[in-house]
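See below for the structure under consideration.
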Amino acid sequence: MQAKALLEPNGSQTAAAVGTGAAELGVTYVTEMMPDSRIEIVGPLPEAIQSPLLFGGGVASTSADPKTARAFITFATSARP
């Protein structure tokens, strides 16, 4: 398997390798592969081996409208149906 494996430094390069045919399959975030019409996304990996992707939010100390920025972060992090 080692002879056939490519280890790309990031998801967009993994997607590019699949899209160009340099790799027959790739494992990366779905959002990295979606823009490339040459790639057929066959589905997610099993949930048991998924890693959550965590995002953070912050407001610049020089923000022109910190109240609105904080309101957006509150909205984005609130539970919604």
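The values are calculated or read from the model by the stated rules, or taken from the named source; none is laboratory data. In this text the structure is predicted, and so the values were computed from the model without any measurement. Methodologically, a virtual Cβ is constructed for each residue, glycine included, from the backbone with ideal geometry; neighbour enumeration extends over all protein chains shown.
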Determine, yes or no, whether Arg38 is at pLDDT 95 or above, surrounded by 10 or more Cβ atoms within 10 Å (Cβ to Cβ) and touching a helix residue (DSSP H, G or I) at 6+ places or on another chain (Cβ under 9 Å). yes
For region 1-24, pairs from a residue that is at negative phi and without any contact (Cβ under 8 Å) to a residue 24 or more places away in the chain to a residue that is surrounded by fewer than 16 Cβ atoms within 10 Å (Cβ to Cβ) and hydrophobic (A, V, I, L, M, F, W, C), with Cβ under 6 Å and 6 or more apart or across chains, are Ala17/Leu6; Ala23/Leu6
List, please: which pairs have Cβ atoms under 6 Å, are six or more places apart or on different chains, and start with a residue in region 25-40 that is more than 22 Å from Pro52 (Cα to Cα) and end with one that is at pLDDT 90 or above? Asp36/Ala15; Asp36/Gly19; Arg38/Gly19; Ile39/Val18; Ile39/Gly19; Ile39/Met33
Select from region 64-81 the residues that are in a loop (DSSP other than H, G, I, E, B) and of a type in the set (A, V, I, L, M, F, W, C) and write down the one among them that is surrounded by the fewest Cβ atoms within 10 Å (Cβ to Cβ). Ala79
Mind listing whichever residues of region 11-63 are outside any helix (DSSP H, G or I), among the hydroxyl-bearing types (Ser, Thr, Tyr) and closer than 25 Å to Ile73 by Cα? Tyr29, Ser51, Ser61, Thr62, Ser63
